[in-house]
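Chemist: For reference, the structure I am asking about is given below.
The values are calculated or read from the model by the stated rules, or taken from the named source; none is laboratory data. What you see is a predicted model; the values in this text were computed from it and never measured. Neighbour counts run over all protein chains shown; Cβ positions are idealised from the backbone, glycine included.
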Amino acid sequence: MERLKRTALFHLYKEYGAKTIDFGGWEMPVQFTSIKEEHSAVRERAGLFDVSHMGEIVVKGDDSEKFLQKMVTNDVSRLKSGRAMYTAMCYENGGTVDDLLIYKLDEKEYLLVVNAANTESDFQWLKGHLEGDVMVENESEHWGQLAIQGPLAEKVLQKLVDIDLSKLKAFTFQTNVDIQGSKALVSRTGYTGEDGFEIYCRASDSPDIWNHLLEAGKKEKVLPCGLGARDTLRFEACLPLYGQELSADITPIEAGIGFVVKLHKDEFIGKEALNIQKERGTQRKIVGLEMIDRGIPRNGYPVFSDDQPIGYITSGTQSPTLKKNIGLALLKSEFAYLGSEVQVEIRQQKLAAKVVETPFYKRSK
């Protein structure tokens, strides 16, 4: 049996009471205290995540912008150095290879941050389409990544850095930031629906930065957080998870992230298929569901209308913030309108639910 990969922070997990799981071949903390407690910490104060399992792929060379324009759906030509962009990478049929962040380091160099389980396949996909003066390097093993998220994230991180974080706007970043003697790329990005920062550093520096952040955040009661809370937080904010809301069989438009598909661009992989979906509409789409009957919808549960199967739940839980049983579902488009009543099959019972507005949670500015 292949041994699970571990981040450079693994040796600290036990100290904070982590319960670990296999997540895409990585031994990662699902929780430290409890998912609900960690979730509340991020919504109300701040929480700290080890996300060093994420993949980091560097694309550089004279033709790097042109290459990325072909490979992803968003318009990379609009990126200025010091800015980040959310995008998708698609197959010819419009299905999703991955969703990712692109950081423009300078005119001829980009950092792609990809989903952990997809890192190697993304790297091979990119390499398989190389054209012109472009180099693609998988640098994932050299990087550590921490995320401090929540309304007090700026206050806590500001104690440790040599830059004014209030000047760092959403989806911008700064390189060579000094964090108590360690150099890092600090970006105002995240995956929780809250304000916050992602810190990219040398893997060997990540334990020190982790400890400094928890020490600096003692007064604010910053908690170490696991992937369980990361999932409930991103779910309430309706941020897609690859393998659930997005996949090789689900396009960005079906998943509700059509805003990252820029059809005015020159040719890119999947453009023709996505153009048809934008023009004609999709046969199915991701919607939000709220349970009417008592029951918690979970990934994979079938959804019906009058005994006719119309789709399935992609993600679902009892929302820690809203205290409601809610889910995201991929449904046939004719049933995907607000107020539409459907049934979710939970433990062989068809229970009533209705289509509601998304996102379920939106932070107040």
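Chemist: Would you call S81 surrounded by fewer than 17 Cβ atoms within 10 Å (Cβ to Cβ), among the small types (G, A, S) and closer than 29 Å to G281 by Cβ?
Modeler: Here the answer is no, as S81 does not meet what is asked.
Chemist: Just checking, how many residues over the range 13-29 are within 12 Å of D50 (Cβ to Cβ), in contact (Cβ under 8 Å) with a residue 40 or more places away in the chain and either touching a Gly at 6+ places or on another chain (Cβ under 9 Å) or not assigned by TED's automatic domain parsing to the domain that holds D208 (or both)?
Modeler: Qualifying residue count, the range 13-29: 3.
Chemist: Quick check on the range 91-105. Is at least one of its residues basic (K, R) and out of contact with any Phe, Trp or Tyr (no Cβ under 8 Å at 6 or more places or on another chain)?
Modeler: no
Conditions (1) in a strand (DSSP E or B); (2) surrounded by fewer than 17 Cβ atoms within 10 Å (Cβ to Cβ), marked per residue:
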| site | (1), (2) |
| --- | --- |
| L274 | no, no |
| R298 | no, yes |
| G311 | yes, no |
| L351 | yes, no |
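Chemist: Continuing with the same structure: Would you point out the residue of the range 323-337, among those that are closer than 13 Å to F235 by Cα and of a type in the set (A, V, I, L, M, F, W, C), that is surrounded by the fewest Cβ atoms within 10 Å (Cβ to Cβ)?
Modeler: I326
Chemist: Let me ask you something else. For T119, only one of the following conditions fails: (1) surrounded by fewer than 17 Cβ atoms within 10 Å (Cβ to Cβ); (2) among the hydroxyl-bearing types (S, T, Y); (3) in a helix (DSSP H, G or I). What is its number?
Modeler: (1)
Chemist: Given the residues V113, V136, which is the only one that is within 20 Å of the chain's Cα centre (by Cα) and either part of a loop (DSSP other than H, G, I, E, B) or of a type in the set (V, I, T) (or both)? Don't jump to the end; show me each part of the working.
Modeler: On the way: V136 fails: within 20 Å of the chain's Cα centre (by Cα).
Exactly one residue qualifies, and that residue is V113.
Chemist: Next question. Taking only the range 244-272 into account, find how many residues are in a loop (DSSP other than H, G, I, E, B), touching a Gly at 6+ places or on another chain (Cβ under 8 Å) and of a type in the set (V, I, T).
Modeler: Looking only at that region, the number is 2.
Chemist: Can I ask one more? Out of (1) surrounded by fewer than 15 Cβ atoms within 10 Å (Cβ to Cβ); (2) part of a helix (DSSP H, G or I), what's the single condition that is false for R3?
Modeler: Checking R3 against (1) surrounded by fewer than 15 Cβ atoms within 10 Å (Cβ to Cβ); (2) part of a helix (DSSP H, G or I), the one that fails is (2).
Chemist: Follow-up question, since we're still on this one. Within the range 128-144, does at least one residue satisfy the condition of being in contact (Cβ under 8 Å) with a residue 40 or more places away in the chain, out of contact with any His (no Cβ under 6 Å at 6 or more places or on another chain), buried (at least 18 other Cβ atoms within 10 Å of the Cβ) and closer than 22 Å to L214 by Cα?
Modeler: There is at least one residue in the range 128-144 that is in contact (Cβ under 8 Å) with a residue 40 or more places away in the chain, out of contact with any His (no Cβ under 6 Å at 6 or more places or on another chain), buried (at least 18 other Cβ atoms within 10 Å of the Cβ) and closer than 22 Å to L214 by Cα.
Chemist: As an exercise: evaluate L105 against (1) buried (at least 16 other Cβ atoms within 10 Å of the Cβ); (2) within 19 Å of the chain's Cα centre (by Cα); (3) outside any loop (DSSP other than H, G, I, E, B); (4) not acidic (D, E) and give the number of the one condition it does not meet.
Modeler: (2)
Chemist: Let me confirm something: among K66, K70, K36, K14, which residue is out of contact with any Lys or Arg (no Cβ under 6 Å at 6 or more places or on another chain), at pLDDT below 95 and not β-branched (V, I, T)? Before you say what the answer is, go through the steps one by one.
Modeler: Numbers: K66 fails: at pLDDT below 95; K70 fails: at pLDDT below 95; K36 fails: at pLDDT below 95.
Matching residue, one of K66, K70, K36, K14: K14.
Chemist: For the range 67-85, which residues satisfy the criterion of being over 18 Å from D266 (Cβ atoms) and either touching a helix residue (DSSP H, G or I) at 6+ places or on another chain (Cβ under 6 Å) or not in a strand (DSSP E or B) (or both)?
Modeler: Scanning the range 67-85 gives K80, S81, G82.
Chemist: Just name the residue that is nearest to F335 (Cα to Cα) out of those in the range 282-315 that are of a type outside the set (S, T, Y) and touching a Phe, Trp or Tyr at 6+ places or on another chain (Cβ under 7 Å). I'd like the intermediate steps shown before the answer.
Modeler: Going through the range 282-315, the residues of a type outside the set (S, T, Y) turn out to be 283-300, 302-304, 306-311, 313.
With touching a Phe, Trp or Tyr at 6+ places or on another chain (Cβ under 7 Å) added as a condition, the list becomes 288, 300, 302-303, 310, 313.
Working: G288: 12, G300: 18, P302: 14, V303: 11, I310: 8, I313: 14 Å.
Once the filter is applied, the top-ranked residue is I310.
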